[in-house]
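One structure is given here, and the rest of the page talks about it.
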Amino acid sequence: MDHRCGIALGSNLGDRLTQLRAARRAILALPCIRIPWVQSAVYETEPIDCPPGSPAFLNAVIEVGITISPVQFLLETQAIEAALGRQRSGIRNEARPVDIDLLYCGEERFATERLALPHPRLTERLFVVRPLSDIRPDLLLLGQRKSIAELHTQLSDSSEQVCSFAREW
């Protein structure tokens, strides 16, 4: 059961770049991960739909092969978030040291209370589409008619600010 899985990484608390590196390292250390893997550059982005005064995010995307179900993988990534200091208070989009979101897992399509694939807001968020376009510009997600590159072009006209932060990390 190998799936190519896209994973969004974000951080807007503490040493954001160190947090992204720690999340990537922890994901790649999981026994369910298969190589090769790829990563985008890191981008600094304004907080979207976050509480007032929220700091800017660093965002990146990695893609890995996984040998477990997406739901099992979600549990693994949530454990990584907790180990890296994420505490969920129930406030939507609150500041956090690390955020790990599953974007897609192969051709899987399903929606449960805990996980929806492909991620339901992926195509609306430049802070996800921009880094994903670094590694999978030709990707056509299930239910979409536009590639990630086309979505990137479309979203680039929005007022959302996405600035290059680090090519290598």
Within the range 148-169, which residues are hydroxyl-bearing (Ser, Thr, Tyr) and over 17 Å from the mean Cα position of the chain (by Cα)?
-> 153, 156, 158, 159
Pairs, first over 19 Å from residue 110 (Cβ atoms) in the range 59-74, second among the polar types (S, T, N, Q) and outside any helix (DSSP H, G or I), C-beta under 8 Å, six or more apart | 59/45; 60/39; 60/40; 61/39; 61/40; 62/39; 62/40; 63/39
When only residues in the range 1-22 that are of a type in the set (A, V, I, L, M) and out of contact with any Phe, Trp or Tyr (no Cβ under 8 Å at 6 or more places or on another chain) count, which is farthest from residue 162 (Cα to Cα)?
-> 1
Residue satisfying condition, being at pLDDT below 90 and in contact with a Gly (Cβ under 9 Å, 6 or more places away or on another chain), within set 96, 114, 136, 121 = 96
For residue 31, state whether it is more than 22 Å from residue 133 (Cα to Cα), touching a helix residue (DSSP H, G or I) at 6+ places or on another chain (Cβ under 6 Å) and not basic (Lys, Arg).
-> no
Going by the structure shown, is residue 107 of a type in the set (D, E, K, R), modelled with pLDDT under 85 and within 18 Å of residue 6 (Cβ to Cβ)?
-> yes
Consider residue 54 against the criteria (1) under 29 Å from residue 159 (Cβ atoms); (2) modelled with pLDDT of 95 or more: it satisfies all of them except one. Which criterion is unmet?
-> (2)
Within the range 86-99, how many residues turn out to be of a type outside the set (Lys, Arg) and in contact with a Leu (Cβ under 8 Å, 6 or more places away or on another chain)?
-> 4
Residue, farthest from residue 141 (Cα to Cα), within the range 1-13, restricted to residues that are among the aliphatic types (A, V, I, L, M) and crowded, with 19+ Cβ neighbours inside 10 Å | 9
Taking the range 14-45 and keeping residues surrounded by fewer than 17 Cβ atoms within 10 Å (Cβ to Cβ), in a loop (DSSP other than H, G, I, E, B) and touching a residue at least 40 places away in the same chain (Cβ under 8 Å) leaves 14, 30
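The values are calculated or read from the model by the stated rules, or taken from the named source; none is laboratory data. Because the structure is predicted, anything quoted here is derived from the model rather than measured. So basically every Cβ, Gly included, is an ideal-geometry build from the backbone, and we count neighbours across all protein chains shown.
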